[in-house]
1. With unit charges on the beta carbons (Lys and Arg positive, Asp and Glu negative) and the dipole taken about the Cα centre of the chain, which residue among Ala12, Ile48, Val72 sits farthest to the positive side?
2. Around Gly88, what is the net charge, scoring Lys/Arg as +1 and Asp/Glu as -1 over all other residues with Cβ under 12 Å from its Cβ?
3. Do the sum for the chain: with -39,500 (n - 2.57) for every DSSP H run of n ≥ 4, divided by all residues, what is the mean residue ellipticity at 222 nm, to the nearest 500 deg cm²/dmol?
4. Using only Cα atoms and rounding to the nearest 10 degrees, what angle (0 to 90) does helix 59-75 make with the longest principal axis of the chain?
5. Share of the chain's accessible area from carbon and sulfur, percent, 1.4 Å?
6. Roughly speaking, what is the stretch gain from Glu4 to Asp23, that is 0.36 nm per residue apart minus the C-alpha to C-alpha distance, in nm to one decimal?
7. Charges at C-beta only: +1 for Lys and Arg, -1 for Asp and Glu. How large is the resulting dipole of the stretch 1-46 about its Cα centre, in Debye rounded to 20?
8. In terms of the ratio Rg/(2.2 N^0.38 Å) built on C-alpha atoms, what value belongs to the chain?
Amino acid sequence: MSGECVFCKIVAGEIPSAKVYEDDRFLVFKDINPAATVHWLAIPKKHIARLSEAKGEDRELLGDLLLTVGHVARERNLDAYRLIVNDGAGAGQTVFHLHAHILSGKELGERLL
Ligand code: 5GP
Ligand code: ZN
């Protein structure tokens, strides 16, 4: 837990969130300002500021984060979606707790990539 981190506060239950999935290591919740019909954020509960700060010791956590995204997508009948990780302010990262955006909906056809 990192003191002023908004996602650590969500993990701790200090800030409410609309949870989609939770287990002991991961949380998936709805983005407060959705950019698509479905816009969820998948995070490890461990505070890692950004992808490029992950270490070798985080290898299993990062792999399981992706497996969790796939599992939740299947569980929620999301058959097509896009996964985006912004790494650094120049790429648009505003919350410095590693997260993957899960985006789905017809809007995606008009967006980058
Ligand atoms: P970034 O730009 O860092 O990749 O994405 C951060 C995302 O977190 C944004 O899409 C923003 O809407 C979302 N966000 C920021 N604060 C909160 C919050 O308190 N609750 C939720 N659910 N989403 C948040
Ligand atoms: Zn954090």
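The values are calculated or read from the model by the stated rules, or taken from the named source; none is laboratory data. This is a predicted model, so every value here is computed, not measured. Positions of Cβ are backbone-derived with ideal geometry, glycine not excepted, and every protein chain shown enters the neighbour counts. Calculation scope for accessible area: heavy atoms of the full protein, side chains included, ligands and nucleic acids excluded. Shrake-Rupley method; radii C 1.70, N 1.55, O 1.52, S 1.80 Å.
1. Val72
2. Here the count lands on -1.
3. -6500 deg cm²/dmol
4. Once rounded, the angle reads 40 degrees.
5. Carbon plus sulfur share of accessible area: 52 percent.
6. Using 0.36 nm per residue and subtracting the Cα-Cα distance, I get 4.6 nm.
7. Roughly 60 debye for the stretch 1-46.
8. Normalised Rg, Cα atoms only: 1.02.
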